[in-house]
């Protein structure tokens, strides 16, 4: 019976990962469509009905292309860093608090923070092992940016955790049945959204991939499968960040259509920002992290600590 349960957990996790990958595929299609309409053009519309098969066509193209690597690269690290990054971005999804036989444990939030921190190393190693100036600069920028924003991201998350006094993601649903945390913590919610953009290297904070000065950033030397894995890891983390925002601030986790509508809306927000805002300046990005978000998140942390003590 125990072995049967373990097998069922593995089947459940496999189904979840396949669902995530299909979701990522269609998120890329949504992005290209929305950006197309923002720029008054169509976006992909040839393959299948309204371009619905485009992501699968792109995946086949990328994974069947020739894998090239620079002669002076550190080959083992160059080869494995996209794979490790991809595995880490999928590993975070394991702690989603589904109601049945999946891995849901009491320290889910800590596990998420650990996996997010480890993701920085893969970017750094990918940039360094390519042995290219542009890739190295892109990797260093990405690491500095991600580490800076992770501090304020963890602090913002701590305010919510202090309100529920638990690291289990299930508790967010129970404590938000009457009122969403976004209403109680509106400024923090806005800080969280922009920190999410910086954390996932998205416009207007995409300095790791600043095409104007760094060609394509840390992934400039990657082609075919390696590039596809970096791309998939980035979009899986975007989808997960959207999910985390909905769980923490917009009513917690429940298996209803409304929950998935909220998730799609936050993902759409990422794309909307990309089509609307120009790229920020790098020094201003760092200034924003250390001089604005960190003091704000620390002050709110103390405030909610006081609220929790007196209630």
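Within the range 1-14, can you find the residues that are more than 17 Å from residue 232 (Cα to Cα), out of contact with any helix residue (DSSP H, G or I) (no Cβ under 8 Å at 6 or more places or on another chain) and in a helix (DSSP H, G or I)?
Listed by number, the residues that qualify are 2, 3, 4, 5, 6, 7, 8, 9, 10, 11, 12.
Against the definition (surrounded by 22 or more Cβ atoms within 10 Å (Cβ to Cβ) and either modelled with pLDDT of 90 or more or part of a loop (DSSP other than H, G, I, E, B) (or both)), how does residue 292 come out, yes or no?
no
Looking only at the range 222-261, count how many residues are on the phi > 0 side of the Ramachandran plot and assigned to a loop (DSSP other than H, G, I, E, B).
2
Within the range 71-103, can you find the residues that are part of a loop (DSSP other than H, G, I, E, B) and touching a helix residue (DSSP H, G or I) at 6+ places or on another chain (Cβ under 8 Å)?
Listed by number, the residues that qualify are 73, 74, 96, 97, 98, 100, 101, 102, 103.
Can you tell me how many residues within the range 40-66 are exposed (fewer than 13 other Cβ atoms within 10 Å of the Cβ), part of a loop (DSSP other than H, G, I, E, B) and in contact (Cβ under 8 Å) with a residue 60 or more places away in the chain?
So the answer is 1.
Just the residues that are surrounded by 14 or more Cβ atoms within 10 Å (Cβ to Cβ) and at pLDDT 80 or above, please, taken from the range 88-106.
Those that are surrounded by 14 or more Cβ atoms within 10 Å (Cβ to Cβ) and at pLDDT 80 or above: 88, 89, 90, 91, 92, 93, 94, 95, 96.
Only residues in the range 247-263 that are free of Cβ contacts under 8 Å to residues at least 60 places away in the same chain count as the first member; pair them with residues that are surrounded by 12 or more Cβ atoms within 10 Å (Cβ to Cβ) and part of a loop (DSSP other than H, G, I, E, B), Cβ under 6 angstrom, at least 6 apart or cross-chain, and list the lot.
Pairs that qualify, where the first residue is free of Cβ contacts under 8 Å to residues at least 60 places away in the same chain and the partner is surrounded by 12 or more Cβ atoms within 10 Å (Cβ to Cβ) and part of a loop (DSSP other than H, G, I, E, B), are 262/250.
Residues checked against (1) modelled with pLDDT under 90; (2) within 30 Å of residue 70 (Cβ to Cβ):
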{"site": "143", "(1), (2)": "yes, yes"}
{"site": "162", "(1), (2)": "no, no"}
{"site": "169", "(1), (2)": "yes, no"}
{"site": "192", "(1), (2)": "no, no"}
{"site": "203", "(1), (2)": "yes, yes"}
{"site": "210", "(1), (2)": "yes, yes"}
{"site": "223", "(1), (2)": "yes, yes"}
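Out of 37, 98, 69, 75, which single residue is touching a residue at least 60 places away in the same chain (Cβ under 8 Å) and either over 30 Å from residue 251 (Cα atoms) or more than 21 Å from the chain's Cα centre (by Cα) (or both)? Let's see the steps before the verdict.
Working: 37 fails: touching a residue at least 60 places away in the same chain (Cβ under 8 Å); 98 fails: either over 30 Å from residue 251 (Cα atoms) or more than 21 Å from the chain's Cα centre (by Cα) (or both); 75 fails: touching a residue at least 60 places away in the same chain (Cβ under 8 Å).
Going through 37, 98, 69, 75 in turn, just one is touching a residue at least 60 places away in the same chain (Cβ under 8 Å) and either over 30 Å from residue 251 (Cα atoms) or more than 21 Å from the chain's Cα centre (by Cα) (or both): 69.
Among the listed residues 197, 157, 153, which satisfies the condition of being more than 18 Å from residue 298 (Cα to Cα), under 16 Å from the mean Cα position of the chain (by Cα), at pLDDT 85 or above and not in a loop (DSSP other than H, G, I, E, B)?
Answer to the selection: 197.
The values are calculated or read from the model by the stated rules, or taken from the named source; none is laboratory data. All values reported here derive from a predicted model rather than from experimental measurement. Counting neighbours? That spans all protein chains shown, and the Cβs are built from the backbone with ideal geometry, glycine included.
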